[in-house]
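What follows is a short report on a single structure.
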Amino acid sequence: MERRFYVDTSVRRDYFEDRSDGIRPLGEFAFRFLKNCETNKCKILYSELILSELREKYSEEKIMEMLNPFKELLVIAELSSNQLLESKMLASKIKEAPQPDILHAIFARDNSAVLITRDRHFDYLRDIAEIRMPEQIIFD
C-alpha cells in the first residue's frame, strides 16, 4: 500500500530555509524525509490551507521553488466543509491547539495520511491523526 504523508508548513520551511534549532539540523531531517519519500514512491498531500499558510511568508514564485523539487510526489486534496465545521467544533474543546492545526489533523486523518510536523500544538491532536516528526519515519 502506498504511504501517504501530509507535511505541515513548519517542516516545509525547515527544508526550504535549511533551518536548525541550534542543536539539530531540522532542514536536513526534512530533506532526508522527502528524499526517502521520493525513493519509496510515497505521496505527499497538500491542501489550500498549506498554500495559504505559505503565502503568509513567501511569494508564489518562492512557493513553487519550494514545491518543485518533489513535484512528482505531490497530490493536492480538497478540504471539505465538513472538515472545516468539525475543526471549528473541536477548537471550542481543544484550547491548546489553534483551529487551523485541528483542521490539518482532520485533513490528514480523512486522507489516511501521517501528519509530519514539529509544531507542539499537534501533541494535543494525537487522538485525531497519527503525528510524527520527519526523523521518526522509518522506511522499509
* Structure fact -> Bridge orientation stat for the chain from DSSP, antiparallel percent rounded to 5, came to 0 percent
* Please give, to one decimal in nm, the separation of the simple spin-label points placed at LYS35 and PHE139, each 7 Å out from Cα toward the Cβ. => 1.0 nm
* Under a plain spin-label model, where a point goes 7 Å from the Cα along Cα-to-Cβ, how far apart in nm are SER92 and MET64? -> 4.3 nm
* To do: Set the Förster distance to 35 Å, then compute FRET efficiency between ARG126 and ARG55 from the Cβ-Cβ distance, nearest 0.05.
  => 0.80
* Structure fact -> Reviewing (1) 0.99; (2) 0.94; (3) 1.20, the figure for Rg/Rh (Cα atoms, Kirkwood Rh) actually calculated from this model sits under (2)
* Cβ charges +1 (Lys, Arg) and -1 (Asp, Glu), total dipole of the chain, debye -> 180 debye
* Structure fact -> Per-residue ellipticity at 222 nm attributable to helices in the chain (runs of n ≥ 4 DSSP H, -39500 (n - 2.57) apiece, nearest 500 deg cm²/dmol) works out to -13000 deg cm²/dmol
* Asked: Of the listed peptides 64-76, 25-37, what is their order by residue-averaged count of other C-beta atoms within 10 Å, with the highest listed first?
  -> 25-37, 64-76
* Asked: So what is the relative contact order for segment 46-140, in percent, with contacts set as C-alpha pairs under 8 Å and at least six apart?
  -> 21 percent
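Values in this text are rule-based calculations from the coordinates and carry no lab data. Here the structure is a predicted model, which is why all the values come from computation and not from measurement. Heads up, the Cβs are rebuilt from the backbone with ideal geometry, glycines too, and the neighbour counts pull from every protein chain shown.
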